[in-house]
Amino acid sequence: MEADFTILNQSEYAIKDVEITCTHYGQSGTKIDSNTRTIYEVFPARKSKTVKNFNMGLIHSQANKSSCEVVDLEIM
């Protein structure tokens with residue numbers, strides 16, 4: 001799975017090492033898998049930054065829908 005992510009840092013501090021988890025669901029709506037990866041980049045304060053074609057790894061062959069969220073980060 002490759003995805004484009006736009007991170008909007010609304011805080012007054014730069015952040016880095018943003019951890020993202022994508023959860024995958026089957027056609028029935030059942031959660032069947034998830035992938036977690038870290039984007040090792042700096043995201044400046046009060047700015048947005050897009051990371052394109054980020055490799056989230058392999059996903060289950062029966063995945064029908066995916067949802068991604070930021071689950072952790074470091075404040076600089």
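Straight-line cross-link partners of residue 65 among the lysines, defined as a Cα under 18 Å from its Cα and at least 8 positions apart when in the same chain: 31. Based on alpha-carbon atoms, the Kirkwood radius and the radius of gyration of the chain give Rg/Rh equal to 1.04. Residues whose amide H falls under 5 Å from that of residue 64, counting only those 5 or more places apart or on a different chain, are 25, 26, 27, with hydrogens built in the peptide plane. Sparsely packed loop sites in the chain (the GluC sites (Glu not before Pro) outside DSSP H, G, I, E and B with at most 15 other Cβ atoms within 10 Å) comprise 12.
Can you tell me, using C-alpha contacts under 8 Å and at least 6 residues apart, the relative contact order of the chain as a whole percent?
Relative contact order for the chain comes out at 48 percent.
Rule-based calculations on the coordinates, nothing more; no lab input. Here the structure is a predicted model, which is why all the values come from computation and not from measurement. No Cβ is skipped: glycine too gets one built from the backbone with ideal geometry, and neighbour counts run over all protein chains shown.
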